[in-house]
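Visitor: Below: one structure in structure tokens.
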């Protein structure tokens, strides 16, 4: 890779840290502020008496579930009925039931898996009232739950975690809306369309007609990146110049992908008053991210077997970026596409700026493993850090076993109930992925979705259920929509979203009720390098060992076949 | 339970109004006022007629034009239905398509570039783009096509080379992204030379 490519990756890491740290401090202030603002008071008056009261973990969890369920129902209805509704200048018909089911679940769970082509399926009403709103709300639900979990960890002998409606309101108004507007303005300036006019028609230089899809794109793209949503306005997502026209727009969108998850680590550090511990978590996450980028960028620059054997020039030079340019865009080249692929799968974002199906075996294995860790490497807004908490508890527990003491974390004793919840949170999703992948690969109905033959077809299947379970939404996009794959995917997304979320809330409820114990000489220190190494080790041993057999059937086999 | 349901519906109605309608409406208003060209799709005009967008490739087959990268959309360069090709890295179909593309380029450019071999063809010329409407080609691919375009248009090669650098988009802020040549803008400028 050219020096410029490596330079861009380093610049990205630096700018991310410079933005995420202060944002994290701000977010801690947002979620701990005692007083409600004026609009907030009006909001609670509208919701009725006691709507702003403290909730215990069960009440909080019930509210999250009911709210998501009702939103799912409405979204499903809009998608089915869009042909009869307004704001439909291009005359899109209603969406079929499997696709509507999958899509509604997909947006409510913050996944944004796309079994549809945005510009050719969705009316403006669906894009705006359904999908764009969910981009905000499903992300804010994740952020609210994290705020509650962190509050639970920081409290002592308390029965409550906070109030869902307040956390939701503050996530939306204080964090998502302002950031989203800022990013949208930059994107519009760079060339992302923002209009209510329908398609434009051009008479090309050779005299043909070309229809150009437009719409309120920028306002949706900014929130899709910030909220780790990832569902594009266009089918090819952020590879399309209208979503991502320049190197600068690409840089800003990549920052938006990791910004909030990275900031939440610092928010956590401030809220529980354990800043050094938060730094260690950040370092562990960043180390794993950096390894992913290094593997992916090197593999993509080396190029695919087919391209190397074809004899064309794939060496990087001053006049081309070279490498595996299949399904990649010239203005991004290798470095920016590999960095994006890693960032988007470390978080639960899932937007892409190049086709992942065409990635080399090693380049494509990185996203699979990234997602399989349960998005604990930064992860989705909110849900990611909760995933990391499960691994931290396991790490602390392992350390406790080594020295023969009851493990402690942040002054709380970790006992059987907490460990059961942490194990559930860490292991449920990976297990489900393997089971559903097996179901999809062993049945004819499942095989019907496969696009590429042979081992790559297995990789497509594994990727699909890995991505949906972790609410990511990126794809080896050849994997096609059938009623079977759409319905199985919907199940995958629902359980992948709500099981870890409930485990997290239950864990927080349990920790909030505990008193703190003073630190002693035997307490395992979670603010040093030992902890970082142990934490990475736990993630590699838990998620890594579970994915390895499946990985060897897919990308590893493919890589070995064409050395 | 009932109260939570009522509250959920209220929150959904309000957030749909704010995030579904007010937010995009305000952004559209701002965009149309401040950046109207970009906000409407960066359209390019000739004699008042829309001829395309500087952000979308279009189909060039004529020998007087620079050609785009291959596209996987149906029909090709469909700016209303973008897609990846989705061929895996070891796919036989990919190998076949790359081979056909190599043959086509050697046949088209060979007569103008004596001694042209497959090793002179940059990889972006034989691979589909991510969007199917990548507006750019690498500088290397533009250089490969310049002799043909100059010969067919009876222009000095230096003029064509100068126009290539003129329509090469560099890295944003000098560091971000990769350089590329905007094919439609370049072809439009070449056509406009003749108009004068």
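Visitor: Among the candidates A:219, A:238, single out the residue that is within 7 Å of chain B (Cβ to nearest Cβ), closer than 23 Å to residue A:331 by Cβ and touching a residue at least 40 places away in the same chain (Cβ under 8 Å).
Guide: Values: A:238 fails: within 7 Å of chain B (Cβ to nearest Cβ).
Selected residue: A:219, the only one of A:219, A:238 that is within 7 Å of chain B (Cβ to nearest Cβ), closer than 23 Å to residue A:331 by Cβ and touching a residue at least 40 places away in the same chain (Cβ under 8 Å).
Visitor: Counting only residues that are closer than 16 Å to residue B:120 by Cα and either in contact with a strand residue (DSSP E or B) (Cβ under 7 Å, 6 or more places away or on another chain) or surrounded by fewer than 14 Cβ atoms within 10 Å (Cβ to Cβ) (or both), which one in the stretch B:91-107 is farthest from the other protein chains (Cβ to nearest Cβ)?
Guide: Here the residue is B:107.
Visitor: Next up: Taking the criterion of being outside any loop (DSSP other than H, G, I, E, B), in the same structural domain as residue B:99 (by TED's automatic domain parsing) and buried (at least 24 other Cβ atoms within 10 Å of the Cβ), would at least one residue in the stretch B:130-140 satisfy it?
Guide: Yes, the stretch B:130-140 contains a residue that is outside any loop (DSSP other than H, G, I, E, B), in the same structural domain as residue B:99 (by TED's automatic domain parsing) and buried (at least 24 other Cβ atoms within 10 Å of the Cβ).
Visitor: Show the residue pairs that are 6+ apart or on different chains and have beta-carbon atoms under 6 Å apart, the first residue being within the stretch A:28-50 and over 23 Å from residue B:18 (Cα atoms), the second being surrounded by 13 or more Cβ atoms within 10 Å (Cβ to Cβ).
Guide: A:28/A:267; A:28/A:270; A:28/A:271
Visitor: Would you be able to say whether some residue in the stretch B:30-52 is in contact (Cβ under 8 Å) with a residue 40 or more places away in the chain, touching a strand residue (DSSP E or B) at 6+ places or on another chain (Cβ under 9 Å), surrounded by 24 or more Cβ atoms within 10 Å (Cβ to Cβ) and within 8 Å of chain A (Cβ to nearest Cβ)?
Guide: yes
Visitor: Here is a follow-up. Can you give me the number of residues within the stretch A:126-174 that are within 22 Å of residue A:278 (Cα to Cα), in contact with a strand residue (DSSP E or B) (Cβ under 7 Å, 6 or more places away or on another chain) and modelled with pLDDT under 95?
Guide: Adding up the residues that qualify gives 0.
Visitor: Listed residues A:386, A:334; which is in a helix (DSSP H, G or I), in contact (Cβ under 8 Å) with a residue 24 or more places away in the chain and under 23 Å from residue A:267 (Cα atoms)?
Guide: One residue alone meets the criteria, A:386.
Quick grid of which residues meet (1) more than 30 Å from residue A:409 (Cβ to Cβ); (2) in contact (Cβ under 8 Å) with a residue 40 or more places away in the chain; (3) crowded, with 19+ Cβ neighbours inside 10 Å; (4) within 11 Å of chain B (Cβ to nearest Cβ):
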| site | (1), (2), (3), (4) |
| --- | --- |
| A:75 | yes, yes, yes, yes |
| A:107 | yes, yes, yes, no |
| A:116 | yes, yes, yes, no |
| A:123 | yes, yes, yes, no |
| A:126 | yes, yes, yes, yes |
| A:133 | yes, no, yes, yes |
| A:157 | no, yes, no, no |
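Here is a yes/no grid of residues against (1) under 24 Å from residue A:234 (Cβ atoms); (2) modelled with pLDDT under 95; (3) assigned to a loop (DSSP other than H, G, I, E, B):
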position	(1), (2), (3)
B:51	yes, no, no
B:68	yes, no, yes
B:75	yes, yes, yes
B:80	yes, yes, yes
B:84	yes, yes, yes
B:98	no, no, no
B:101	no, no, no
B:108	no, no, no
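Visitor: If we scan the stretch A:377-400, do we find a residue that is in contact with a strand residue (DSSP E or B) (Cβ under 6 Å, 6 or more places away or on another chain), surrounded by 24 or more Cβ atoms within 10 Å (Cβ to Cβ) and over 18 Å from residue A:476 (Cβ atoms)?
Guide: Narrowing the stretch A:377-400 to residues in contact with a strand residue (DSSP E or B) (Cβ under 6 Å, 6 or more places away or on another chain): A:396.
Next, only the ones that are surrounded by 24 or more Cβ atoms within 10 Å (Cβ to Cβ) stay: A:396.
In the following step, the residues that additionally are over 18 Å from residue A:476 (Cβ atoms) were identified as A:396.
The answer is yes, given that some residue of the stretch A:377-400 is in contact with a strand residue (DSSP E or B) (Cβ under 6 Å, 6 or more places away or on another chain), surrounded by 24 or more Cβ atoms within 10 Å (Cβ to Cβ) and over 18 Å from residue A:476 (Cβ atoms).
Visitor: Follow-up. Restricting attention to the stretch A:198-216, which residues are at the interface with chain B (Cβ under 7 Å from one of its Cβ atoms) and under 17 Å from residue B:23 (Cα atoms)?
Guide: Within the stretch A:198-216, A:216 is the sole residue that qualifies.
Visitor: In the list A:165, A:189, which residue meets the criterion of being facing chain B (nearest Cβ under 9 Å), touching a residue at least 60 places away in the same chain (Cβ under 8 Å) and over 19 Å from the mean Cα position of the chain (by Cα)?
Guide: So the residue among A:165, A:189 that is facing chain B (nearest Cβ under 9 Å), touching a residue at least 60 places away in the same chain (Cβ under 8 Å) and over 19 Å from the mean Cα position of the chain (by Cα) is A:165.
Visitor: Hey, another quick one. Which one of these does residue B:5 not meet: (1) in the same structural domain as residue B:81 (by TED's automatic domain parsing); (2) within 30 Å of residue A:48 (Cβ to Cβ)?
Guide: Exception for residue B:5: condition (1).
Visitor: While we're here: Evaluate the following for residue A:271: is it more than 26 Å from residue A:114 (Cβ to Cβ) and within 19 Å of the chain's Cα centre (by Cα)?
Guide: No, not satisfied.
Visitor: Condition check: at the interface with chain A (Cβ under 7 Å from one of its Cβ atoms), out of contact with any strand residue (DSSP E or B) (no Cβ under 7 Å at 6 or more places or on another chain) and in contact (Cβ under 8 Å) with a residue 40 or more places away in the chain. Does residue B:73 satisfy that?
Guide: no
Visitor: Give the stretch A:45-73 a look and list any residue that's surrounded by 14 or more Cβ atoms within 10 Å (Cβ to Cβ), over 30 Å from residue A:127 (Cβ atoms) and within 10 Å of chain B (Cβ to nearest Cβ), or say none.
Guide: Answer for the stretch A:45-73, where residues must be surrounded by 14 or more Cβ atoms within 10 Å (Cβ to Cβ), over 30 Å from residue A:127 (Cβ atoms) and within 10 Å of chain B (Cβ to nearest Cβ): A:51, A:59, A:62.
Visitor: Based on this model, can you work out whether residue B:69 counts as in the same structural domain as residue B:185 (by TED's automatic domain parsing), in contact with a helix residue (DSSP H, G or I) (Cβ under 8 Å, 6 or more places away or on another chain) and more than 20 Å from residue B:130 (Cβ to Cβ)?
Guide: no
Visitor: Looking at the stretch A:217-246, which of the residues that are out of contact with any helix residue (DSSP H, G or I) (no Cβ under 7 Å at 6 or more places or on another chain) and part of a helix (DSSP H, G or I) is nearest to residue B:40 (Cα to Cα)?
Guide: The first filter runs over the stretch A:217-246 and keeps only residues out of contact with any helix residue (DSSP H, G or I) (no Cβ under 7 Å at 6 or more places or on another chain), leaving A:217, A:236-237, A:239-241.
Imposing the further condition that a residue be part of a helix (DSSP H, G or I) reduces the set to A:217, A:237, A:239.
On the way: A:217: 10, A:237: 19, A:239: 19 Å.
The extreme case among them is A:217.
Visitor: Being at the interface with chain A (Cβ under 7 Å from one of its Cβ atoms) and either crowded, with 21+ Cβ neighbours inside 10 Å or in contact with a strand residue (DSSP E or B) (Cβ under 8 Å, 6 or more places away or on another chain) (or both) narrows it down to one residue among B:79, B:125; which is it? Give the derivation first.
Guide: On the way: B:125 fails: at the interface with chain A (Cβ under 7 Å from one of its Cβ atoms).
Answer to the selection: B:79.
Visitor: When only residues in the stretch A:77-86 that are touching a helix residue (DSSP H, G or I) at 6+ places or on another chain (Cβ under 7 Å) and in a helix (DSSP H, G or I) count, which is surrounded by the fewest Cβ atoms within 10 Å (Cβ to Cβ)?
Guide: A:80
The values are calculated or read from the model by the stated rules, or taken from the named source; none is laboratory data. Model, not experiment: these values are computed from the prediction. Quick reminder, even Gly has a Cβ in these numbers, built from the backbone with ideal geometry, and neighbours come from all protein chains shown.
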